[in-house]
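The structure appears right after this line, and notes come after that.
The values are calculated or read from the model by the stated rules, or taken from the named source; none is laboratory data. Everything numeric in this text was worked out from a predicted model, so none of it was measured. For neighbour counting, all protein chains shown are included, and Cβ atoms are generated from backbone atoms with ideal geometry for every residue, glycine included.
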Amino acid sequence: MSEREGLKDWADGRARRAGPPDREIRFRTAAKAIAASIKRNRSGEGKPDCPILVEGMRDENALRKLGFTGVVERVNRGWDRSRLIAYLYDTYGTRNLVDKGPALILLMDWDRTGGRLQAALRDRLMALDMPVDEELRTVLLKVMKPEAKTIEALAPHSRNLTPLIEEFLD
């Protein structure tokens, strides 16, 4: 009997026959997606400098703990949506000039309110021919649901995620 046989799966208690625990697989997947977004978010000469849009200050703080160093824009700044959309369009344009990808990473919480906000912002930005990068949210929604439904809930997991993220940044 191998070392991992008989171990309980972290998420729902079912027995695993072999391989790494479910939590390890999910955290590794999350770390890979976070690392890809960190690379797009980095600023400097020849780096994409792609801003990431989150709901509030606690979300920004959680991203900083995970290693994001570039621009982080917040939805909750006292502006109505029309003003925010106009600001994002005027400031970042429709495409990232370095990597030719979307000009903005859109990352709202993966609860019901965050989903509605994500859809509303995406639809309004895309109406202005400003596609958004939603890959990070899509991955986190799938793999981090047992531990976190919000971005700020990722902060306590930064100790476990950061070493994995660093593996993918090299």
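A few remarks follow.
- Of the candidates Pro48, Pro102, the single residue that is under 24 Å from Thr150 (Cβ atoms) and either touching a Pro at 6+ places or on another chain (Cβ under 7 Å) or crowded, with 19+ Cβ neighbours inside 10 Å (or both) is Pro102.
- Matching entry among Arg116, Arg81, Arg112, Arg95 (being more than 18 Å from the chain's Cα centre (by Cα) and either loosely packed, with under 13 Cβ neighbours inside 10 Å or over 21 Å from Arg40 (Cβ atoms) (or both)): Arg81
- Among the conditions (1) in contact with a helix residue (DSSP H, G or I) (Cβ under 8 Å, 6 or more places away or on another chain); (2) within 24 Å of Ala31 (Cα to Cα), Arg64 misses just one, which is (1).
- Checked against the criterion of being in a loop (DSSP other than H, G, I, E, B) and touching a Ser or Thr at 6+ places or on another chain (Cβ under 6 Å), region 45-61 contains one or more residues that satisfy it.
- Comparison of Arg42, Arg77 shows that the only residue that is under 28 Å from Glu167 (Cα atoms) and out of contact with any His (no Cβ under 8 Å at 6 or more places or on another chain) is Arg42.
- Qualifying residue in region 82-93 (condition: at pLDDT 95 or above and not in a helix (DSSP H, G or I)): no
- Top-ranked residue of region 119-139 - restricted to ones that are part of a helix (DSSP H, G or I) and touching a helix residue (DSSP H, G or I) at 6+ places or on another chain (Cβ under 6 Å), ranked as nearest to Ala36 (Cα to Cα): Leu136
- Cβ-Cβ contacts under 6 Å between residues 6 or more apart (or on different chains), taken from a first residue in region 37-64 that is over 20 Å from Arg122 (Cα atoms) to a second residue that is charged (D, E, K, R) and in a loop (DSSP other than H, G, I, E, B), are listed as Ser43/Asp49; Pro48/Asp99.
- Number of positions in region 140-156 that are out of contact with any His (no Cβ under 9 Å at 6 or more places or on another chain) and assigned to a loop (DSSP other than H, G, I, E, B): 5
- Considering Phe27, Phe68, the condition of being surrounded by 15 or more Cβ atoms within 10 Å (Cβ to Cβ) and either modelled with pLDDT under 95 or of a type in the set (Asp, Glu) (or both) is satisfied by Phe27 alone.
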